[in-house]
Amino acid sequence: MRIFVTGATGFIGSNFVNYSLSNGDEVVGLKRNKLSTPRVPLLKEPIWLIKQLDDLSESDFTGVDVVVHLAAHSMFPPYDTLESCIYWNVISPIRAFKEAIKSGVKKFVIAGSCFEYGLSGEEYEYIPVDAPLKPTLTYAVSKAASSMAFYQMAVENKLELSYHRIFHVYGEGESENRFWPSLKKAALAGIDFEMTNGEQVRDFIYVGEVVKKLYNYCNSVGDKYPIIHNLGTGNPKTLKDFATSYWKYWNAKGKLIFGAKPYRNEEVMRYVPLILE
């Protein structure tokens, strides 16, 4: 299988490239410039294509069986403007996808975000995929718009498109200032780790599981497309329990200091998907 991967040097992207290569697939990895390096070491080099997403042409997708779109703009604060997020997360991918369609590509696997649900997260114990989209951040607004735009494109062009709203993914290659890498760094250094009381309930999913689920959709067949679904474990836990379990796993010598940090303003305390598969 020949897989075209956008965001191939990113957190999920580089893990996905490794998994695909380990399965014997041919991978074309898109990266924005020569200096971009994968977030995790790769088993071997894919076929690198150094271009911006909006510069792709029909010939770049020659022989491609599936496009896996993992690139995303301005995922973390400070978030870019709404105009910029809309351009890079909606308009630019659509332009690229149209070139892929012209080249004969019919299958697309796309990473969305759980934050598309926004304030709806407060209204459900388990958020269904048809919950109203009430995003509050420019990035999340653009991803919500992209889910609708890509769905319409799939219907119009009769594509096998799956769109995955990924919940709280963590693991190797994650940005070092995120919770899990910060927790791991403190544990291995033998120092204390300060955090909130940890009452937030989340669906934490390891990046390896995310990659496997996305990859399975590259191989799936049937008449159920296009689809939008939640990608998580279906096993929510508190941030405190999550931290405690890994603290023990790493045999940390320091202490977890709960309540040392305040919750974020207007933080949603429970943000959990309904998983149907």
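The values are calculated or read from the model by the stated rules, or taken from the named source; none is laboratory data. If you're wondering where the values come from, they're calculated on a predicted model, not measured in any experiment. As a convention, Cβ positions derive from the backbone with ideal geometry for all residues, glycine included, and neighbour counts pool all protein chains shown. Remember, those area values only see protein heavy atoms, side chains included, never the ligands or the DNA or RNA. Shrake-Rupley method; radii C 1.70, N 1.55, O 1.52, S 1.80 Å.
Listed values, structure above:
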| read-out | value |
| --- | --- |
| Inter-centroid distance (Cα atoms) of the stretch 180-199 relative to the stretch 6-40, Å | 29 |
| Fraction of accessible area attributable to carbon and sulfur, the stretch 38-147 (%, probe 1.4 Å) | 57 |
| Under 14 Å from the Lys253 label point (7 Å along Cα→beta-carbon), backbone N, the stretch 183-226 | 186-192 |
| Share of Cα-Cα pairs in the stretch 1-137 lying beyond 25 Å, as whole percent | 33 |
| Long-range tail of P(r) for the stretch 84-177 (Cα pairs > 21 Å, %) | 39 |
| Extension gain, Lys261 back to Met1 (0.36 nm per residue minus Cα-Cα distance, nm) | 88.8 nm |
| Angle between the chain longest axis and helix 92-102 axis [Cα atoms, degrees, rounded to 10] | 40 |
| Cα-based helix-to-principal-axis angle, 11-22 vs the chain, degrees rounded to 10 | 60 |
| Tilt relative to the chain, helix 138-157 - C-alpha long axis, 0 to 90 degrees, to 10 | 30 |
| Spin-label pair Lys158/Met269, simplified geometry with 7 Å Cα→Cβ offset, distance in nm | 5.2 |
| Length-normalised contact order for the chain - Cα pairs under 8 Å, 6+ apart - percent | 19 |
| Surface share of carbon and sulfur [accessible, 1.4 angstrom probe, percent] for the stretch 150-277 | 49 |
| Heavy-atom accessible area per residue - the chain, 1.4 Å, Å² | 49 |
| Among 107-113, 172-178, the order from most to least packed when residues are scored by Cβ within 10 Å on average | 107-113, 172-178 |
| Sequence of Ile257, Ile12, Ile191 when ordered by accessible area, the most exposed leading, probe 1.4 angstrom | Ile191, Ile257, Ile12 |
| Per-q log10 I(q)/I(0), the chain, q = 0.07, 0.13, 0.14 Å⁻¹ (Debye; single scatterer per alpha-carbon; no solvent) | -0.26, -0.90, -1.04 |
